[in-house]
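Below is one structure, written out as structure tokens; the observations come after it.
Just so you know, all these numbers are worked out from the coordinates, no wet-lab data involved. Note that the structure is predicted; figures quoted are calculated from it, not measured. Cβ sites come from the backbone with ideal geometry, for glycine too, and all protein chains shown count toward neighbours.
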Amino acid sequence: MNVNIVPSEKSGWIISRIIEELKLHNGWTVSSFDYKADLNLFINYHAALPYLREIEASTTKTSAFFTHPEDSFFYYLAGKVDFPIFMSKKYATSQRSWVIPLGVDDVFIPKLLVGNVGRSYSSGRKGSDILNLINSLEFVEIIYPPKIKTKNQKNWLSELSNYYRRLDYYLVTSLVEGGPMPAAEAKACGCCLIAPNGVGFCDDIADFFYDRREEHSLVSLLQTLYRKKCEKREAISQWTWPNFAKKLESVVNGKA
């Protein structure tokens, strides 16, 4: 089928991106309304405003991509085009509507945001070897606290509390501690705490434990926590640009 895309604007991230993906995957053309095309696809639906006569006269088959209603034209056009495509089922107007979510780029992947003070003593009691091991894990990003600003400690403490609040977990790597205090500060901010067994007061407040004598028990724990975080993206696992283009092509070809 010869499909022509009629854009609603010359530039703009989401509209331009949709058009580029459909050109790439489906080989569709882009221009003003093409009377010779088998189907004119309006992206988004506002692009159809200048062509109401053509739509009414059924000059060609028509389709439009509907995001959200801003005026009555949204519903009017949805009832006029042959293939109304909706971004979400919330606004799909009838049984003859198709809901096709857009693609989510593959750069958007989970990572565990893990906090650690990052200090290293010659005695090795801060567990620098463990920290080096965790640094080698691609699915973990270690985030260190802001540097102490001695001239304005109040501002620094505010930055520090914001730091704890943005973490998935705070990780204690120390082998010997009286505390450590950052573990208590993180816990006070509602952050989940990972700590080795038998270190300071961590036995009383930590959420997850690992064996400080076996570094790979920590790796195993982090892998489990990462898998749980990845489960959250399952709801949109099929939301890819190739799938969007393929489903849209199936609809306008009458195969969906």
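Other residues whose C-beta falls under 14 angstrom from the C-beta of Glu56 contribute a net charge of +1, scoring Lys and Arg +1 and Asp and Glu -1.
So if the hydrodynamic radius of region 185-256 is defined as the Kirkwood radius over C-alpha pairs, what does Stokes-Einstein give as its diffusion coefficient at 4 °C and 1.567 mPa s, in µm² per second? Walk me through the numbers before you get to the answer.
Details: Rh = 15.9 Å.
For these conditions, the coefficient is 82 µm²/s.
Of the cross-linked pairs Lys10/Lys90; Lys232/Lys255; Lys23/Lys247, those separated by over 26 Å at the C-alpha level are Lys10/Lys90; Lys232/Lys255.
Between Asn155 and Cys189, what's the calculated FRET efficiency when r is the beta-carbon distance and R0 is 22 Å? Round to 0.05. Please report the intermediate quantities before stating the final value.
Working: r = 17 Å, r/R0 = 0.76.
Calculated transfer efficiency: 0.85.
Relative to the longest principal axis of the Cα atoms of the chain, the long axis of helix 153-165 makes an angle of roughly 60 degrees. Longest stretch of the chain clear of exposed loop sites (trypsin sites (Lys or Arg not before Pro), DSSP loop, at most 16 other Cβ atoms within 10 Å, sites excluded): 167-212.
For Tyr170, the residues 5 or more places off, or on other chains, whose built amide H falls under 5 Å of its own are Gly115, Cys192, Leu193, Ile194.
Over the residues of the chain, compute the C-alpha Rg and express it relative to 2.2 N^0.38 Å.
Values: Rg = 27.2 Å, N = 256, 2.2 N^0.38 = 18.1 Å.
Dividing the Cα radius of gyration by 2.2 N^0.38 Å gives 1.50.
Normalised by 2.2 N^0.38 Å, where N counts its residues, the alpha-carbon radius of gyration of region 4-60 equals 1.09.
Placing a pseudo-label 7 Å from each Cα along the Cα-to-Cβ vector at Thr93 and Cys230 gives an inter-label distance of 4.2 nm. For a test of the definition: using alpha carbon positions, the gyration tensor, and the 1.5 limit on a/c, classify region 1-150 as rounded, prolate or oblate. Prolate is the answer for region 1-150, as a/c is 1.5 or above and a/b outweighs b/c. Taking a Cβ cut-off of under 11 Å around Pro196, the surrounding Lys, Arg, Asp and Glu residues balance to a net charge of -3, with basic ones at +1 and acidic ones at -1.
Please state the shape class of region 112-233: rounded when a/c is under 1.5, otherwise prolate if a/b exceeds b/c and oblate if not, all from the C-alpha gyration tensor. Verdict is oblate for region 112-233.
Under the 0.36 nm per residue contour assumption, what length would be gained going from the current alpha-carbon distance of Ser136 and Leu52 to full extension? Write down the numbers at each step before the final one.
Values: separation 84, 0.36 × 84 = 30.24 nm, distance 5.89 nm.
The Ser136-Leu52 span can extend by a further 24.4 nm.
Modelled this way, with points 7 Å down the Cα-to-C-beta line, the labels at Phe208 and Asp38 are 5.2 nm from one another.
Is region 145-187 best put as rounded, prolate or oblate by its Cα gyration tensor, with a ≥ b ≥ c the root eigenvalues, rounded for a/c under 1.5, and otherwise prolate when a/b is larger than b/c, oblate when not? It comes out oblate by the Cα gyration axes. Residues in region 235-241 carry Karplus couplings, in order, of 4, 10, 5, 8, 7, 10, 5 Hz; the curve used is 6.51 cos²θ - 1.76 cosθ + 1.60 with θ = phi - 60°, and Gly or Pro positions show x.
In order along region 228-234, phi translates into HN-Hα couplings of 5, 5, 5, 4, 5, 8, 4 Hz, rounded to whole numbers, per the Karplus curve 6.51 cos²θ - 1.76 cosθ + 1.60 with θ = phi - 60° and x for Gly and Pro.
Annotation note: chymotrypsin sites (Phe, Trp or Tyr not before Pro) in region 13-110 located in DSSP loop regions with a Cβ neighbour count of at most 11 within 10 Å are Tyr35, Phe108.
Each residue of region 214-221 is assigned a 3J(HN,Hα), and the resulting list reads 9, 4, 6, 5, 5, 4, 4, 5 Hz, derived from the Karplus form 6.51 cos²θ - 1.76 cosθ + 1.60 (θ = phi - 60°), x at Gly and Pro.
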